[in-house]
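K.L.:
Structure incoming, see below.
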Amino acid sequence: MLSVNKGNDPLLKRPFSIHQFCNGDIKILYRVVGKGTEILSNCSEGSTLEALGPLGNKFPAPSKKKRIILVAGGMGVAPLFYLAEKLKKRGPVFFYGARTADEVLLVSGLRSLGIIPTISTDDGSLGKKGNIISVLNKSMLQGPESCENLILYACGPEPMLRALSRLSNKLNIPCNVSVEQHMACGIGTCLGCIVKTHKGHKRVCREGPVFRSDDIVWD
Amino acid sequence: MNVSMKRNIDLSVKIGTLKLKNPVMTASGTFGYGDEYSEFVDIHKLGAVVVKGLSLKPKEGNPPPRIVETPSGMLNAIGLQNIGIDAFVKRKLPYLREVRAKVIANFFGDSVGEYVQAAEKLSAADGIHALEMNISCPNKQEGWIVFGTDPRVAYEVVSAVRKATTLPLIVKLSPNVTDIAAMARTAEDAGADALSLINTLTGMAIDIRNGKPKLANTVGGLSGPAIRPVAVRMVYECYRKVKIPIIGMGGILSADDVIEFMLAGAAAVAVGTGNFINPRITMDILGELKIYMKSQGIHAVSRLTGGAHC
């Protein structure tokens, strides 16, 4: 979590995923969506920010036999790019959905990892038109043999994760999702960032942000 | 160097019979059960740890979203999620005993009977030094009246709990009332040993893009520096009307804020939302407080209490 200023407004730290970690530097990829990210975007090089982390869990490593599918929606690409980098030797398949072509990032970065992402946009301005979960379903998951030995990793908006969870449940594919929630403390005490699971409320900052999609109760 | 500068500073305060090594406590619901903060804070250095509000049975709390940031503050509608008194005593209290923490157990109930049972259970446990009762929740057995907003109901529940415990009894008042001093007097008359002022102010925020409340629970409790002036005023007002000590809280982020509350009449303070912003904030505040006292030549911090009333 990052504190974007020293004053009282905004008051709380902002949670971010780690986009890259190299040579001791942590890189964070974000889109300006509100006051916090607006202030952050105006920070000059060399500014000092208070940071707390890393917090919570991580994507579980896939077993050796598994074929890996990564699914990113919008800014969910930030942590999935990092995961793709870590798993590049395993030749992961990358599905990437966004609203418009402007919001599709890191395509060349993925290419340099040897990954050609399958892209879809809501308006069809890049890649296929429509949502990425139906693109994934139609292009890869037809017939029982095609679903064998797969493992899914995803990060993106809740409707996308919900649709992916429904699909992976139906096809019996293990699926790990990184979820978002409003957060105050980041260390498990405020109980603000809970997600409903079949084993009760879990804290995104502590037990998450990565959950098995079939553990989550999707309303 | 004058005499006062040579003497050591004295941070200790008294809340009735409860002696604290310093006036800085943690506010209930912002410090978990203490163990979560162990990597940031020397728990035994705190005046006291007020633990997350406990009920007889575990409580799941509200659905998300539970928190929303507002100007210089935040709204929360956690819904009193907690592990229940039995689990607290078994799983959390041993740690607090081990680190020699001064433990104040915050608790609540859905009825007078539940409050009494909760107080009895907590009083029987080893390692709890005082009780703080949250009366900002509704009486589910009698018309859902919030205990802390009706003097008759508040008197009934506080006096019932008073009979059920010999531990120092702190009553945490709701600020969502017309006359806070009248509620303070009610709690005092019912046998409270001290008051905590203030709980969160009821508020709400609406998402103008979809026209819906931002919290799943529609309304929530406002905390943070946004409420500090309201809290300081309430402490000031109650200090004039009651004889029992007051623990001040509401948006404390620095030693300056601690001093402000003490001058208004607080004998001790609790840091709440500040723990979320900076997990080490209580230790930082204690450091700042010592520097302030040295620079001002103040020997005993307790001398600050009520200073603004002269």
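K.L.:
Is there any pair with a first residue in region B:262-281 that is away from chain A (no Cβ under 14 Å) and in contact (Cβ under 8 Å) with a residue 12 or more places away in the chain and a second that is charged (D, E, K, R) and assigned to a strand (DSSP E or B) whose Cβ atoms are under 9 Å apart and which are 6 or more apart or on different chains, and what are they?
P.N.:
B:267/B:14; B:268/B:14
K.L.:
Turning to a different aspect of this structure: May I ask you to say which residue of B:75, B:96 is aliphatic (A, V, I, L, M) and either farther than 19 Å from residue B:134 by Cα or outside any strand (DSSP E or B) (or both)?
P.N.:
Being aliphatic (A, V, I, L, M) and either farther than 19 Å from residue B:134 by Cα or outside any strand (DSSP E or B) (or both) holds for just one of B:75, B:96, which is B:96.
K.L.:
Can you spot a residue in region B:110-117 that is closer than 17 Å to residue B:35 by Cα and either more than 14 Å from chain A (Cβ to nearest Cβ) or assigned to a helix (DSSP H, G or I) (or both)?
P.N.:
The answer is no, given that none of the residues of region B:110-117 is closer than 17 Å to residue B:35 by Cα and either more than 14 Å from chain A (Cβ to nearest Cβ) or assigned to a helix (DSSP H, G or I) (or both).
K.L.:
Please specify each residue of region B:281-297 satisfying the condition of being of a type in the set (Val, Ile, Thr) and crowded, with 17+ Cβ neighbours inside 10 Å.
P.N.:
Within region B:281-297, B:281, B:282, B:285 meet the criteria.
K.L.:
Considering every residue within region A:112-129, establish whether at least one is crowded, with 17+ Cβ neighbours inside 10 Å and in a helix (DSSP H, G or I).
P.N.:
Scanning region A:112-129 turns up no residue that is crowded, with 17+ Cβ neighbours inside 10 Å and in a helix (DSSP H, G or I).
K.L.:
Report yes if some residue within region B:179-190 is out of contact with any Ser or Thr (no Cβ under 6 Å at 6 or more places or on another chain) and not in a helix (DSSP H, G or I); otherwise report no.
P.N.:
yes
K.L.:
Within region B:225-236, can one find any residue that is in a loop (DSSP other than H, G, I, E, B) and surrounded by fewer than 23 Cβ atoms within 10 Å (Cβ to Cβ)?
P.N.:
No, region B:225-236 contains no residue that is in a loop (DSSP other than H, G, I, E, B) and surrounded by fewer than 23 Cβ atoms within 10 Å (Cβ to Cβ).
K.L.:
On to the next question. Looking at (1) surrounded by fewer than 23 Cβ atoms within 10 Å (Cβ to Cβ); (2) of a type outside the set (Asp, Glu); (3) at pLDDT 95 or above, can you tell me which one residue A:185 breaks?
P.N.:
Here residue A:185 meets the rest and fails (1).
K.L.:
Taking only region B:40-74 into account, find how many residues are closer than 21 Å to residue B:278 by Cβ, more than 10 Å from every other protein chain (Cβ to nearest Cβ) and not small (Gly, Ala, Ser).
P.N.:
9
K.L.:
Oh, and also: Looking only at region A:166-219, how many residues end up being more than 14 Å from chain B (Cβ to nearest Cβ), out of contact with any helix residue (DSSP H, G or I) (no Cβ under 8 Å at 6 or more places or on another chain) and assigned to a loop (DSSP other than H, G, I, E, B)?
P.N.:
Counting residues in region A:166-219 that are more than 14 Å from chain B (Cβ to nearest Cβ), out of contact with any helix residue (DSSP H, G or I) (no Cβ under 8 Å at 6 or more places or on another chain) and assigned to a loop (DSSP other than H, G, I, E, B) gives 1.
The values are calculated or read from the model by the stated rules, or taken from the named source; none is laboratory data. Note that the coordinates shown come from a computational prediction; the quantities given were computed from them, not determined experimentally. All Cβ positions, glycine included, derive from the backbone under ideal geometry; neighbour counts span all protein chains shown.
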